[in-house]
Amino acid sequence: MGQDTGSVTAGVDGSRAGQDAAAWAAREARRRGLPLRLLHAGAASVLERAAEELACAYPYVEIIGVRAQGPAAEALLAASAEAELLVLGTRGFTGFAGFPVGSVALAAAARASCPVVLVRSGERPEDERDAVPGIPPDEAPYLPVVLGVDLERPAEALVGHAFRTAAVRPAPLHAVHTWTPPCPDRDAPAGLTSPAETAVEEDTREHLLAAWLRPWQRRFPGTAVETEVVLGRPVQQLLRTCARAGLLVIGRRGGPGRGLGEVAHSLVHHATCPVAVVPYD
């Protein structure tokens with residue numbers, strides 16, 4: 001639901017992907033000053049092993065193990081009503097840009113009440129940071145949090161989550177808005193918008209994006225913000241941008257039956273950094 005709820009929750013299933021996601025969740029719980037709740041729908045031994053491994057690696061994080069009753073997807077959805085963040089793993093294919101996302105993770109990302117972060121297998125603590133010669137990996141600056149912005153449907157829940165996430169690291173925030181020119185009328189000359197019209201449209205959108213972000217920048221004055229308005233398809237442009245990011249934050253419309261849109265579905269499968277899917281009205 002939001003910042004007033006009580007934990008970062010991670011689903012574990014005994015797989016390496018699930019444990020890597022739970023480790024990411026432990027780091028996020030520490031940054032946010034929240035307990036980590038581990039949820040498992042199965043044998044108690046799996047839950048105990050996962051909790052013990054994380055307790056050794058992250059001794060300053062309170063870890064609570066919960067054995068869920070019923071199907072895993074429904075248990076995760078129920079847990080999302082009481083969590084600030086729900087974290088799940090995906091399996092990684094070395095050398096490929098795409099990462100298969102299981103049906104349980106997709107169902108949670110499409111229907112959960114709180115933001116859902118999907119973390120690929122093999123994600124390490126240093127992957128969140130920008131390697132700098134001479135600086136230890138755990139002291140290097142954080143990579144940017146990238147926020148995908150749809151100015152036609154701006155969402156306060158989405159931008160709020162992105163700013164809070166960047167602030168607790170701390171990391172810079174890179175807000176990206178993509179757009180494509182409208183299709184010409186059938187009676188209009190064929191071809192794309194002229195360069196002059198493109199420049200005017202980009203300038204207008206840059207001003208709209210800056211105005212939308214300005215109140216949040218005042219609330220988070222310590223967060224450096226970079227904005228980008230780019231002509232192109234959102235999937236390709238956001239994948240380009242998040243290649244050097246610690247986290248990609250995207251939105252999905254809430255409400256029954258909406259699910260993930262085409263853009264969000266493509267991004268959670270192909271982004272090479274963790275992806276946060278934030279529901280909004």
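Go through the residues of the stretch 250-269 one by one and say whether even a single one is under 24 Å from residue 80 (Cβ atoms), among the acidic types (Asp, Glu) and open to solvent by 40 Å² or more (accessible area, probe 1.4 Å). Taking every residue of the stretch 250-269 in turn, at least one turns out to be under 24 Å from residue 80 (Cβ atoms), among the acidic types (Asp, Glu) and open to solvent by 40 Å² or more (accessible area, probe 1.4 Å). In the set (1) at pLDDT 95 or above; (2) touching a helix residue (DSSP H, G or I) at 6+ places or on another chain (Cβ under 7 Å), residue 217 fails one condition alone, (2).
Close contacts from the stretch 197-224, counting a first residue that is farther than 14 Å from residue 154 by Cα and a second that is of a type in the set (Phe, Trp, Tyr) and assigned to a helix (DSSP H, G or I), with Cβ to Cβ under 8 Å and a gap of 6+ residues or different chains, come to 219/163; 220/163; 223/163. Note on the stretch 227-249: residues that are over 16 Å from residue 151 (Cα atoms) and open to solvent by 20 Å² or more (accessible area, probe 1.4 Å) amount to 5.
Inspection of the stretch 96-111 finds no residue satisfying the criterion of being open to solvent by 10 Å² or more (accessible area, probe 1.4 Å), touching a residue at least 24 places away in the same chain (Cβ under 8 Å), of a type in the set (Lys, Arg) and not in a helix (DSSP H, G or I). Can you find, within the stretch 18-59, the residue that is surrounded by the fewest Cβ atoms within 10 Å (Cβ to Cβ) among those that are touching a Lys or Arg at 6+ places or on another chain (Cβ under 7 Å) and modelled with pLDDT of 95 or more? Checked the stretch 18-59; the qualifying residue surrounded by the fewest Cβ atoms within 10 Å (Cβ to Cβ) is 31. Can you confirm whether residue 74 is within 19 Å of residue 125 (Cβ to Cβ), over 17 Å from the mean Cα position of the chain (by Cα), surrounded by fewer than 21 Cβ atoms within 10 Å (Cβ to Cβ) and acidic (Asp, Glu)? When the stated conditions are applied, residue 74 does not pass them. When restricted to residues that are under 24 Å from residue 128 (Cα atoms) and within 24 Å of the chain's Cα centre (by Cα), the stretch 40-59 contains 5. Criterion applied to 154, 133, 137 was being more than 16 Å from the chain's Cα centre (by Cα) and buried (at least 16 other Cβ atoms within 10 Å of the Cβ), and the one residue passing it is 154.
In the set 171, 167, 210, only one residue is surrounded by fewer than 20 Cβ atoms within 10 Å (Cβ to Cβ), at pLDDT 90 or above and within 15 Å of the chain's Cα centre (by Cα); that residue is 167.
The values are calculated or read from the model by the stated rules, or taken from the named source; none is laboratory data. Because the structure is predicted, anything quoted here is derived from the model rather than measured. Counting neighbours? That spans all protein chains shown, and the Cβs are built from the backbone with ideal geometry, glycine included. Calculation scope for accessible area: heavy atoms of the full protein, side chains included, ligands and nucleic acids excluded. Shrake-Rupley method; radii C 1.70, N 1.55, O 1.52, S 1.80 Å.
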